[in-house]
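Where a number appears in this text, it was derived from the coordinates with a stated rule and is not lab data. Keep in mind that what you see is a predicted model, and the values were worked out from it rather than measured. As a convention, Cβ positions derive from the backbone with ideal geometry for all residues, glycine included, and neighbour counts pool all protein chains shown.
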Amino acid sequence: MERNRDVVHSDPEIMSGTPVFVGTRVPVHNLFDYLEAGDSLDRFLASFPSVTREQAIAALEIGKEAVTDLASVD
């Protein structure tokens, strides 16, 4: 999916290949860690100003699609 490349990027030269938001060094898992801890999206964005709201929402949508696709396989 083309949209994924606009949101998430993995490069061995950046954070040892950890998936990060495009144009940043912010690991995508940080977003999920914040939400899992009960923090809001706004708090995450305030902590990582290099990530745009659009990128964060797109990452959540990608995750949602992945889970939905897995659920439909069963």
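If you filter segment 9-63 for GluC sites (Glu not before Pro), then keep DSSP loop positions with at most 16 other Cβ within 10 Å, what is left?
For GluC sites (Glu not before Pro) across segment 9-63 that sit outside H, G, I, E and B with at most 16 neighbouring Cβ atoms in 10 Å, the list reads Glu13.
Taking R0 as 30 Å, what FRET efficiency do you get between Asp69 and Arg43 from their Cβ-Cβ distance, rounded to the nearest 0.05?
0.55
Please state, to two decimals, what the Cα-based radius of gyration of segment 2-73 comes to when divided by 2.2 N^0.38 Å (N = residues).
1.11
With each run of n ≥ 4 DSSP H residues scored as -39500 (n - 2.57), what mean residue ellipticity at 222 nm is computed for the chain after dividing by its residue count and rounding to the nearest 500 deg cm²/dmol?
Per the formula, -17500 deg cm²/dmol.
Taking the Cα centroid of segment 9-35 and of segment 41-63, what is the distance between the two, rounded to the nearest whole Å?
Each part's Cα centre sits 12 Å from the other's.
Quick one: putting +1 on the C-beta of Lys and Arg, -1 on the C-beta of Asp and Glu, what dipole do you get for the chain around its Cα centre, in Debye to the nearest 20?
Magnitude of the dipole: close to 220 debye.
Which of the trypsin sites (Lys or Arg not before Pro) found in segment 1-73 are loop residues per DSSP with 16 or fewer other Cβ atoms within 10 Å of their Cβ?
Of the trypsin sites (Lys or Arg not before Pro), the ones in loops of segment 1-73 whose Cβ has at most 16 other Cβ atoms within 10 Å are Arg25.
At a Förster radius of 30 Å, what calculated FRET efficiency corresponds to the Cβ-Cβ distance of Leu35 and Asp11, to the nearest 0.05?
After rounding, the FRET efficiency stands at 0.75.
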